[in-house]
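Here the structure is laid out as structure tokens; the discussion comes afterwards.
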Amino acid sequence: MNFHSDSGYLPLKPIIHSWIDSLIARKDLMLDKIRKEDSPVNIHSLDPFVENIQTYQCVFQKYKLKHKIYFARKANKCISFAQQAFKCGQGVDTASFNELEQCLAAGIPASVLILTAAVKNRKLLELAVQSQVTIVLDNLDEYFLLKEIVEEKQKNTAVVIRLSGFTLNEKQLHSRFGFSLVQAQNLIEEIHLDAGLLRYSGLHFHLNGYAVDERVAAIEQSIRLIDQLDAMGIGTESLDIGGGFLVNYLKEGEQWAAFHQELKLAVLGQRTPLTYLNDSLGIVKSEMGIQGEPSVYPYFNSNNKALFLERILKSHSELFHQPIHELIQQRNLELRIEPGRSLVDQAGVTVATVLFRKADSAGNFLVGIEMNRSQLRSSSADFLVDPIHLPLKSGNQHEDPCFGFLVGAYCLEQELILKRRVKFDKFPEVGDLILFPNTAGYMMHFFESEAHRFNLAANLFFDQSEGSLIKDG
Ligand SMILES: Cc1ncc(COP(=O)(O)O)c(C=O)c1O
């Protein structure tokens, strides 16, 4: 087992917020909590969350746009973030009965909540109607059920219509969600003519991927519909352009580019593998060579968060011969966004303890940590961000850096916490901590599971002034 060789490791250095540096200086606190709560623990801070809200607000203010930011809480389940969004004068996007019910119970007013759940059963719609939460409609069956419920409850309810089927360069953007522009127009006319308890208030879309031009096209086509409705005497109050604002996790673009280049060589067998058993992270290898890119989140990007929003707003509309922000402002629309990942950028880390060191049958150096891969997982093939090794004791016997793979608690051969080979600043000892930075957006909660009846990780908040870790909620 050669664990001192760095030949299969390329650095991907994370951006680290200052609160994380302060937390790293308090290993004693983390160890104490892990003793009480079990490993791993998720540790959060509200400071970056507030800063992230402010960066978006600055852009809206610059373009003098009426706006509302709805935190998509599916990205992170801690209620503290939802409460903080409200304290900052913003709202929360809820995607399930439990998310909505918890927000209401926490005292977040219905007027700043929206319901975008992909499936909405009677119980959920009844809660939204009863509490007067705006509902984003996705399909006709939902509409019919909602009509029934508002009649039964005799409650006025605002609805927003989710759109899809936009076109860009004569190609349709595929989506399983929402109504086509024509279906939406018919439905809105029906709601208007009905003059019943449902009230049409705005349009909504959320696009997959991170393309600015697709968002620009979707806004233009939504505005065209808004104008058509306006000509029929049907007013629109808001346009919600969903989430999907990019986050940058990494310090250096060169490291990101080098990793991609070398991964391809590794998959072709032309260099030492960078990943466990030379996992291609989604690159397809055939007799013809390799095809495609790794199916991973763009962990490095220079067009993120508020910059991404501003690029959309500054874009020129070919359809209207005006910048996008003017189209929105002239119509006095409230522009809404639903960022999830980007509002919790830098707002959480996951910390686990080292339990064992060993070699696998091929001699790969494995470090077993007390967590499972559902506790650090997204739809990306790997989390391409270097973890931070925090040795328990200084002055260990083995001071040289070493390289290996982090494995977890599920009984599967593929139970790697990270597929990439990682670096330990010195030989890891049992009890050392491994800190995964920037995991609050999807990584810690989206796929977490109780398989093997493992406990779910505790969710804590770091109070820097008190020097304490407090439970969420
Ligand atoms: C309707 C809707 N809004 C907002 C979001 C949040 O997206 P993100 O976390 O990428 O900002 C999602 C994510 O799936 C979504 O489906």
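The values are calculated or read from the model by the stated rules, or taken from the named source; none is laboratory data. Predicted model, so just to flag it, every value in this text is computed and none were measured. Methodologically, a virtual Cβ is constructed for each residue, glycine included, from the backbone with ideal geometry; neighbour enumeration extends over all protein chains shown.
Here is a yes/no grid of residues against (1) more than 30 Å from Pro339 (Cα to Cα); (2) under 23 Å from the mean Cα position of the chain (by Cα); (3) at pLDDT 95 or above:
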{"residue": "Val407", "(1), (2), (3)": "yes, no, yes"}
{"residue": "Lys426", "(1), (2), (3)": "yes, no, no"}
{"residue": "Val430", "(1), (2), (3)": "yes, no, yes"}
{"residue": "Leu433", "(1), (2), (3)": "yes, no, yes"}
{"residue": "Gly441", "(1), (2), (3)": "no, yes, yes"}
Which listed residue, of Ile16, Ile24, Ile20, Ile43, is under 17 Å from Leu343 (Cα atoms), in contact with a Leu (Cβ under 7 Å, 6 or more places away or on another chain) and modelled with pLDDT of 95 or more: Ile43
Among the residues of segment 409-467, which ones are within 16 Å of the ligand (Cβ to nearest atom), on the phi > 0 side of the Ramachandran plot and touching a strand residue (DSSP E or B) at 6+ places or on another chain (Cβ under 7 Å)? Asn438
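Residue check: is Ile135 among the aliphatic types (A, V, I, L, M), within 14 Å of the ligand (Cβ to nearest atom) and over 30 Å from Asn303 (Cα atoms)?
Numbers: among the aliphatic types (A, V, I, L, M): yes; within 14 Å of the ligand (Cβ to nearest atom): yes; over 30 Å from Asn303 (Cα atoms): yes.
Criteria met by Ile135.
Select from segment 192-243 the residues that are within 16 Å of the ligand (Cβ to nearest atom), among the small types (Gly, Ala, Ser) and over 22 Å from Gln330 (Cα atoms) and list them in ascending order. Show your work before the answer.
Restricting attention to segment 192-243, the residues satisfying the condition of being within 16 Å of the ligand (Cβ to nearest atom) are 202-212, 214-215, 218-219, 222, 238-243.
Right, trim to among the small types (Gly, Ala, Ser) and you get 202, 209, 211, 218, 222, 238, 242-243.
Across segment 192-243, the qualifying residues are Gly209, Ala211, Gly243.
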Which ranges mark the strands (runs of 3 or more DSSP E) fully within segment 382-473 that have 3 or more residues being not aliphatic (A, V, I, L, M)? 402-407, 458-463
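So which residues in segment 423-441 are of a type in the set (Val, Ile, Thr) and surrounded by fewer than 22 Cβ atoms within 10 Å (Cβ to Cβ), if there are any at all? First the steps, then the outcome.
Keep residues of segment 423-441 that are of a type in the set (Val, Ile, Thr), which gives 430, 434, 439.
Val430 - this is the single residue of segment 423-441 that is of a type in the set (Val, Ile, Thr) and surrounded by fewer than 22 Cβ atoms within 10 Å (Cβ to Cβ).
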Restricting attention to segment 342-397, which residues are of a type in the set (Phe, Trp, Tyr), crowded, with 17+ Cβ neighbours inside 10 Å and either within 16 Å of the ligand (Cβ to nearest atom) or under 17 Å from Ser39 (Cα atoms) (or both)? Phe383
Evaluation of Val247 against (1) surrounded by 14 or more Cβ atoms within 10 Å (Cβ to Cβ); (2) at pLDDT below 95; (3) in a loop (DSSP other than H, G, I, E, B) (one fails), failing number: (2)
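Can you find a residue that is part of a helix (DSSP H, G or I), within 21 Å of the chain's Cα centre (by Cα) and surrounded by fewer than 19 Cβ atoms within 10 Å (Cβ to Cβ) anywhere in segment 56-70?
Going through segment 56-70, the residues part of a helix (DSSP H, G or I) turn out to be 56-62.
With the extra rule that they be within 21 Å of the chain's Cα centre (by Cα), the set shrinks to 56-57, 59.
Within this subset, residues satisfying the condition of being surrounded by fewer than 19 Cβ atoms within 10 Å (Cβ to Cβ) are 57.
Yes: segment 56-70 contains one or more residues that are part of a helix (DSSP H, G or I), within 21 Å of the chain's Cα centre (by Cα) and surrounded by fewer than 19 Cβ atoms within 10 Å (Cβ to Cβ).
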Looking at segment 33-41, is at least one residue more than 27 Å from Gln375 (Cβ to Cβ) and surrounded by 21 or more Cβ atoms within 10 Å (Cβ to Cβ)? no
Of the criteria (1) within 22 Å of Lys68 (Cα to Cα); (2) of a type in the set (S, T, N, Q); (3) in a helix (DSSP H, G or I), which one Gln183 fails: (1)
Condition first: more than 24 Å from Gly202 (Cα to Cα) and within 16 Å of the ligand (Cβ to nearest atom). Now tell me which residues in segment 52-74 satisfy that. Asn52, Thr55
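Right, Val150: out of contact with any Cys (no Cβ under 7 Å at 6 or more places or on another chain), of a type in the set (A, V, I, L, M) and more than 21 Å from Ala72 (Cα to Cα) or not? Full working, then the answer.
Working: out of contact with any Cys (no Cβ under 7 Å at 6 or more places or on another chain): yes; of a type in the set (A, V, I, L, M): yes; more than 21 Å from Ala72 (Cα to Cα): yes.
Yes; evaluated as a whole, the condition is true for this residue.
Listed here are the residues, each with its yes/no results for (1) in contact with a Lys or Arg (Cβ under 8 Å, 6 or more places away or on another chain); (2) among the hydrophobic types (A, V, I, L, M, F, W, C); (3) at pLDDT 95 or above.
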| residue | (1), (2), (3) |
| --- | --- |
| Ala85 | no, yes, yes |
| Thr94 | yes, no, yes |
| Val119 | no, yes, yes |
| Val136 | yes, yes, yes |
| Asn139 | no, no, yes |
| Phe144 | no, yes, yes |
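Does Tyr297 meet the test of being within 21 Å of Arg341 (Cβ to Cβ) and crowded, with 17+ Cβ neighbours inside 10 Å? Full working, then the answer.
Details: within 21 Å of Arg341 (Cβ to Cβ): yes; crowded, with 17+ Cβ neighbours inside 10 Å: yes.
Yes: the conditions hold for Tyr297.
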Ala106 being farther than 26 Å from Ser175 by Cβ, in contact with a helix residue (DSSP H, G or I) (Cβ under 7 Å, 6 or more places away or on another chain) and aliphatic (A, V, I, L, M): yes
Of the numbered conditions (1) within 30 Å of Gln346 (Cα to Cα); (2) of a type outside the set (Val, Ile, Thr); (3) out of contact with any helix residue (DSSP H, G or I) (no Cβ under 6 Å at 6 or more places or on another chain), Phe205 fails exactly one; give the number of that condition. (3)
Of the residues in segment 131-157, those that are more than 27 Å from the chain's Cα centre (by Cα) and of a type in the set (A, V, I, L, M, F, W, C) come to Leu140, Phe144, Leu145, Leu146, Ile149, Val150
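Within segment 80-156, considering only helices (runs of 4 or more DSSP H) that don't extend past its boundaries, which have at least 1 residues that are on the phi < 0 side of the Ramachandran plot, outside the structural domain of Gln57 (by TED's automatic domain parsing) and crowded, with 20+ Cβ neighbours inside 10 Å? Lay out the reasoning, then the answer.
On the way: elements: 97-105, 122-131, 140-153.
Output list is empty.
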